[in-house]
Every structure is written in structure tokens, then in C-alpha cells.
Amino acid sequence: MNARLKWRKLVSAFMLTMTGVCAVVAVAVLFFILGYLVFHGGRSINWDFFTKLPTPVGETGGGMANAIVGSAKLLFLASLFGVPIGFFGAIYLAEFSGSKTAFVVRYAADLLNGVPSIVIGIFAYALVVLPFKHFSAYAGGFALGVMMIPITLRSTIATVIVPAAYRGILTSVLLAFARVAGETAPLLFTAFGNRYWSPGFNSPIESLPHMVYIYAISPYEDWQRQAWAAGLVLLGLILIVNVVARFILARGVAVQRS
């Protein structure tokens, strides 16, 4: 018995040590990525980056103002489409959790959450782009909205205990928002991109993830430099949204316990 007990304690200590090591490695990788982005992208962030359009091919300078506005439009449309469906779907599952329909909805949400984003992009392309014969912000917003549905639905179920728990609902929306903010693949098939300002929502529109992709693979050093800057801005946005979501959730838990 003593030998078995010592063996269990040894295994437990080993698992705790490995858990700590893995946690340290995960944090180190995160800070390495942040540091790398700050080093390469921080030098290119200036007022022009946020206020000017991209320069013609081969010229230096310019900015990504159109992509920043485009991303805001796309995320606005995605939220309009995805959040209400996910929210009301979560209410249905909470009210009828034992029904067969609820089981199907829950399973479909989990399945949709695992679908690769590029497949959702192709789906949106076939459903929205091809019938209207042009790319648009509507198509991009639809694709991102589809991705927001399962996250909003499942996160709302996991965090909302009573109907008045608005903090849990807001947290799930922010997490879904952060999830789709950096997606590129669906936008290649829907919003496509635009080097100029895009009036309204019914025309091709630029976005920060797409600009990062285009500029990063270009042969121009200035474009590659701006791609790092855009990546830093995107990561900063996602980190801020996640921190706000965690803060709201933590306050909600504290209020309930008190």
C-alpha cells in the first residue's frame, strides 16, 4: 500500500509539474508572438496608416483606412445576422432542452462550429455571390454571421443562468465577435476586396485580414511592413475584446455569488 501511495503521489507531482510547464510554454509563446508583432508592426503604425488609402503598386506610404472601415462594416453586418439567430436559438434550447428538436439544434451548432471557415466561405459564395453575380459586403457579413451563430448559441447556454444575466449574453457576443474579426478565408469568396472606398454594402469591400494576406505575400518591402502593422492592429483588437469579455463575465460571476 505504501509503495502504491508513493507511486500515486509521484504521478500526481509529475502531472502538476507538466501542467505548470505547459502553462509557462503557452504564455511564453503568446508573449513571443506579441513581441514579434510589436517589433515588426509597431514601426509602421502612424496616423497615415489609419487615415489614408493604399498607394499604387510599387509606391511607398499610404495606409489601410478603407480596410479598417470595411472590417467595421463586415462585423456590423455579421452581428446583425448571427447574434439574433444564436441568441434566440439559445433561448429555445434553454426552454426545450429535453426535446428531440433541441438535441438536433445543439448537435448542428456543434457541427457548424467545427466547419472550416473556407467551407463557409464557399457556401456563402454559392448562396449570395453567384445569384447576384458580384461580391459585396452583404456576402462577407453573411459568411461571418454564419460563423457567429454557433459561438453565440453555445456560449449563451454555457454562461446564462437566468434571463436577466445580460453579462453572460454580452460576453458570448463579444467572444463570437472576436472569433470572426480575424477571418480571411470566407472573405476571399464574398467581400473579395477593394483598394478604394466602398460606398454602402452592396459592392466589394476591403478588410484588414484580407489586406494582411495580400500585403504579406507581396514582393514589396513597404507592403510587407504594413502587413505586420495590420496584423498588430487586428491582434490588439481581438485581445481587447477578449479581455473585455472576460472582465464582464468575471463581474457577472462575482455579482451572482454575492
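Counting pairs of alpha carbon atoms under 8 Å apart in space and at least six apart in sequence, what relative contact order in percent does the range 15-111 give?
12 percent.
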Exercise. To the nearest 10 square angstrom, how much accessible area does Met18 have with a 1.4 angstrom probe?
Worked result: 80 Å²
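What value does the range 175-253 have for Rg/Rh, both radii from Cα atoms and Rh as Kirkwood defines it?
Working: Rg = 15.1 Å, Rh = 14.1 Å.
Radius of gyration over Kirkwood radius for the range 175-253 works out to 1.08.
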Exercise. So how do Tyr215, Tyr107 rank on accessible area, 1.4 Å probe, biggest first, that is with the largest at the start?
Worked result: Tyr107, Tyr215
Seminar exercise, completed: For the range 196-250, averaging the sequence separation of alpha carbon pairs under 8 Å that lie six or more residues apart and dividing by its residue count, the contact order in percent is 25 percent
Exercise. What angle, in degrees between 0 and 90 and rounded to the nearest 10, separates the Cα long axis of helix 2-41 from the longest principal axis of the Cα atoms of the chain?
Worked result: 20 degrees
Seminar exercise, completed: Scalar couplings 3J(HN,Hα) for the range 42-53 by Karplus 6.51 cos²θ - 1.76 cosθ + 1.60 (θ = phi - 60°), nearest whole Hz, x for Gly and Pro, are x, 5, 9, 8, 8, 5, 4, 4, 8, 10, 10, 7
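Given an 8 Å cut-off on Cα distances and at least 6 residues of separation, report the relative contact order of the chain as a percent. Write out the running numbers ahead of the final one.
Numbers: 368 pairs, mean separation 63.1, N = 258.
Relative contact order for the chain comes out at 24 percent.
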For this session: Kindly write out, for the range 94-107 in residue order, the coupling ³J(HN,Hα) from the Karplus curve 6.51 cos²θ - 1.76 cosθ + 1.60 (θ = phi - 60°), rounded to whole Hz, with x marking Gly and Pro.
Result: 5, 7, 10, 5, x, 7, 5, 4, 4, 4, 5, 4, 5, 5
Exercise. Is the shape of the range 84-186 rounded, prolate or oblate, going by the alpha carbon gyration tensor and its root eigenvalues a ≥ b ≥ c, with a/c under 1.5 for rounded and a/b larger than b/c for prolate?
Worked result: prolate
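Could you compute Rg(Cα) / (2.2 N^0.38 Å) for the range 1-91, with N its residue count? Show your work: numbers first, answer last.
On the way: Rg = 24.9 Å, N = 91, 2.2 N^0.38 = 12.2 Å.
Normalised Cα radius of gyration, the range 1-91: 2.04.
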Exercise. Lysines within cross-link reach of Lys73: Cα-Cα under 28 Å, excluding same-chain residues under 8 positions apart?
Worked result: Lys52, Lys133
For this session: Name the long-range amide H neighbours of Ser203: under 5 Å, sequence gap of 5 or more, or other chain; modelled H, no Pro or chain starts.
Result: Ala137, Tyr138
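Ignoring any ligand, DNA or RNA, what whole percent of the accessible area of the chain comes from carbon and sulfur when the probe is 1.4 angstrom?
Exposed carbon and sulfur together represent 73 percent of the surface.
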Seminar exercise, completed: Dividing the alpha-carbon radius of gyration of the range 53-101 by 2.2 N^0.38 Å, where N counts its residues, gives 2.11
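Between rounded, prolate and oblate, where does the chain land on the alpha carbon gyration tensor, with a ≥ b ≥ c its root eigenvalues, rounded for a/c under 1.5, else prolate if a/b exceeds b/c?
Values: a/c = 2.15, a/b = 1.31, b/c = 1.64.
Oblate, because a/c is 1.5 or more while a/b does not exceed b/c.
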For this session: Find the eigenvalues of the gyration tensor of the Cα atoms of the range 20-148, then list the square roots of 5 times those eigenvalues as equivalent ellipsoid semi-axes, largest first, in whole angstrom.
Result: 36, 26, 13
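Can you tell me the length gained on complete extension of the stretch Phe88 to Tyr107, counting 0.36 nm per residue apart and subtracting the Cα distance?
5.2 nm
The values are calculated or read from the model by the stated rules, or taken from the named source; none is laboratory data. Because the structure is predicted, anything quoted here is derived from the model rather than measured. All accessible areas refer to the heavy atoms of the entire protein, side chains included, with ligands and DNA or RNA removed. Shrake-Rupley method; radii C 1.70, N 1.55, O 1.52, S 1.80 Å.
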